[in-house]
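Notes to accompany the following structure.
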Amino acid sequence: MAAIYKRELKAFFCSVIGWLYLAVMMAVMGIYFYLLNLLVGYPTISYMLQSVAFLIVFTIPILTMRSLAEERKYKTDQLILTAPISVGKIVMGKYLALVTLFAIPLVLFGITPPILRSVGRFQLGLSYTSLLGFLLYGCLGLAIGLLASSLTESVVVSAILTLVFMFAGYIMSGFSGIISAYGTTGFSDFVVKILNCFDMVGRFDILSSGYFEVGAVVYYITFTGFVLFCVTQSIQKRRYAFAGRGIKIGAYSIFNILVAAVLTILVNIGLNYIPEQYTSFDVTVNKIFTLTEDTIQYVENLSQDVTIYVLADENSKDGDVDLMLKNLQGYSEHIQVEYVSPIANPMFYYNYTSAQPSENSLIVVSGNESMVIDYYDLYVFQTDYTTYESEVVGSDIEGQLVSAIMSVTADDTPKFYMLLGHNELVFDEKFESALVKENIDYEYIQLNTMDEIPGDADAIVINAPISDYSEDEVDKVLSYLDNGGNAFIIPTWTEESMNNFEQILEYYGVSLVDGVIVEADRSRYYQTPYNLFPNIIYGDITQAIYDGTVLAPLSRGLSYDEYSEDIWYIPFLTTSEDAFSKTDMLSLQDFHKGSQDIDGPFVIGMKIEKPAQNGAISQAVIVATEQMFAEDTDNVVPGYNVKLFGGIVASLAEREISVTVPIKYYEIGNLAFSAETVKVASRIILVIVVACIVLAVFIPLRRRHK
């Protein structure tokens, strides 16, 4: 086998085909690498590989057309047929030579991810998974080309057969999608499943999407092995025909091929019965396809049956949605998923809503409760106002699904009232979305228009008022709290006197430390000492963020009697001992401690429990910075401030666990290269391409003159 491998590999590099193939592949891959990775700065080479996948369709026939057909034409195959070596070794020798040539450009571009990673945050796992998918796709194509070459003695016929097979495998995904979209019978579903067996590029797309799916790898390996087995049977049949034993061996070869085909199909079908969490792995940096620990814990403890109807034909389903549904099913036997074809059953949604949902929308049902999630709510879209085109920039599939499951299985829906009338802040859309995901109903009210806080209030929210409350308004708030009401209070610094508002804090025995906190410990702040990375104390509010980091800009300290016997204080965010509160608010650019500044450490977030009337307990959560609950702040520590917010509202709603899943954004930021780096990289690629072209011309001419 080694001798055949060396002979075949040498033949490629002693002819124009090998060097020309390398020149074409390096040129096209280099162009896309230059445009997508160097100029645009995409942090993965998967986009480049997906863009050049079409090259496999056209280059594989050229590489494989002469492998066996030419030897058969010139009768040199008789030396192989009579050689004292097994047919399997002959086939593997030729095949490995083809794979080696095909892999050379991939190896060269395979060294780029670590280099690109040194520039910034990079999708290393995704890049190498995509590279593996490209290699496996090419390996299957090479096996098909070798099979076509073994069936004929015409090089042209071999190339055409391979091209037809490769092109069919390339378009099969779209072709089966058309049939599944318009077919409504069981027969059309059967046809689609058969066609999907020949979808060669679909598995590569899966591996390039950020999900390492064992099934995709097994598909390529098993079908490549099956095709190579067919090649050996084809040659074996001719070897025995050459020896005069063709009929019996021919029947034996067909039987072997059928057995191998059945085994290949059974192995691939068998993978469908293995839970998704054991066969699929998220390789993205931001773990787009991975269930959060909170979701897993919640789903594992689910005690009610939930059915999720997907308004789509199973053969035209959204891959990301299907993947998330399978992950959920893998952690709970109480979750069932059913696909409902809008064509076969167009009025199904009328059982749950009068408004027609989009295709691939979800209907989550438990008992008599149901909730519809429109397909377009599962993703985050961003509009380019120069072209007025929208693109998907993030996924909210997990968050929407978990929120819907919580909604249909919950006994009741808590009600929060947001107090307005004193220039309070309104939460950003990201944080309002967290309220919705926690299945909390909320409403904005003004106290001066009401006689009292509504009796159905599970909690009130006071978000950074900058003008003082009236005495009447304070009485309404204190009356509500003294009857066992709960409050989420976010005080802020203001030049105006807030004596009445401070009575609300005093109800819980809390006052604000004068000034704004400066963190002297360099490891505990972001960019400037006013942007704090506070210590997180584990508790019911912080269990989802305990291993992470939150950002608390422009925080104030909370003062209280920690030895109080009547009120229970539970701090969950604190500063380091090196922190101090700067009392001179006009010198915020001065990070040095002055004589009037107050020494830390400080509590900036705490939960409080105070006995109220009739044996009730009034709970409050106070976080002394409104900047903590702003979208720009959360973007610095992606999702952790939102998770903290979810933990707070879940605690006030008296829930045992918060499952606020932030939106998962696809982009992790583009890489930025200097003009000199781009120039050098492009010149290196150009030199390699030109060298391959020169060798493609020079080597045949040199052999001709010998």
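The values are calculated or read from the model by the stated rules, or taken from the named source; none is laboratory data. Here the structure is a predicted model, which is why all the values come from computation and not from measurement. Methodologically, a virtual Cβ is constructed for each residue, glycine included, from the backbone with ideal geometry; neighbour enumeration extends over all protein chains shown. Note: areas computed on protein heavy atoms with side chains; ligands, DNA, RNA excluded. Shrake-Rupley method; radii C 1.70, N 1.55, O 1.52, S 1.80 Å.
About its Cα centre, segment 317-406 has a charge dipole of approximately 300 debye under the convention of +1 per Lys or Arg Cβ and -1 per Asp or Glu Cβ, with nothing else charged. Charged neighbours of Tyr5, selected by a Cβ distance under 10 Å, balance to +4 (K, R count +1; D, E count -1).
Taking the charge dipole of the chain about its Cα centre, with +1 at Lys and Arg Cβ atoms and -1 at Asp and Glu Cβ atoms, the residue from Phe591, Thr528, Ser555 reaching farthest to the positive side is Thr528. Count Lys and Arg as plus one, Asp and Glu as minus one, and take only other residues whose Cβ is under 14 Å from that of Gly548; the net charge is then -2.
Annotation: the antiparallel percentage among DSSP beta bridges lying fully within the chain is about 70. Leaving out ligands, DNA and RNA, and with a 1.4 Å probe, what % of the accessible surface on segment 589-654 is carbon or sulfur? With neighbouring chains kept in place, the figure for segment 589-654 is 43 percent. Among 217-224, 57-64, the peptide with the highest mean count of other Cβ atoms within 10 Å heads the list, and the full ranking is 57-64, 217-224. A dipole drawn for the chain from +1 and -1 charges on Cβ atoms has a positive end, and of Gly215, Phe645, Gln446 the residue lying farthest that way is Gly215.
Dipole size in debye (nearest 20) for the chain around its Cα centre, Lys and Arg Cβ +1, Asp and Glu Cβ -1?
That gives a dipole near 8920 debye.
Say the cut-off is 32 Å between C-alpha atoms; which of Lys326/Lys607; Lys415/Lys610; Lys6/Lys237 go over it? Correct reply: Lys326/Lys607.
On the principal axes of its alpha carbon atoms, segment 497-548 extends 37, 29, 12 Å, with the longest extent given first.
Relative protection proxy for 547-559, 485-497, from highest mean packing down: 547-559, 485-497 (other beta-carbon atoms within 10 angstrom). Normalised by residue number, the volume inside the convex hull of the Cα atoms of the chain is 210 Å³ per residue.
Where only protein heavy atoms count, and the probe is 1.4 Å, what is the accessible area per residue for the chain in Å²?
Per-residue accessible area for the chain comes out at 47 Å².
Here Lys664 is the anchor, and the lysines within straight C-alpha reach of less than 18 Å, apart from those fewer than 8 places off in the same chain, are Lys287, Lys430, Lys437, Lys643. Computed packing ranks the peptides 565-573, 367-375 as 565-573, 367-375, most packed first, by mean other Cβ atoms within 10 Å.
How large a share of the accessible area of segment 6-49, in percent, is made up of carbon and sulfur atoms when the probe is 1.4 Å and the other protein chains stay in place?
74
Can you tally the net charge around Leu132? Count Lys and Arg as +1, Asp and Glu as -1, for every other residue whose Cβ sits under 12 Å from the Cβ of Leu132. Value of the local net charge: 0. Overall, the ratio between the Cα radius of gyration of segment 96-180 and 2.2 N^0.38 Å, rounded to two decimals, is 1.43.
Here, segment 354-459 has an Rg and a Dmax of 17.4, 51 Å when only alpha carbons are counted. Heavy-atom surface analysis with a 1.4 Å probe gives segment 408-452 a carbon and sulfur content of 39 percent of its accessible area.
In the chain, which whole DSSP H runs stretch at least 27 Å along their own axis (Cα) and average 0.0 or higher on the Kyte-Doolittle scale? List each step's numbers first, then the result.
Working: long enough: 87-110 (34 Å, 1.80); 124-150 (39 Å, 1.59); 155-182 (39 Å, 1.87); 214-242 (42 Å, 0.81); 246-270 (35 Å, 1.77); 675-705 (45 Å, 1.42).
Length and hydropathy pass: 87-110, 124-150, 155-182, 214-242, 246-270, 675-705.
Listed by chain and number, the lysines whose alpha-carbon sits under 17 Å from that of Lys593, ignoring those within fewer than 8 places in the same chain, are Lys582.
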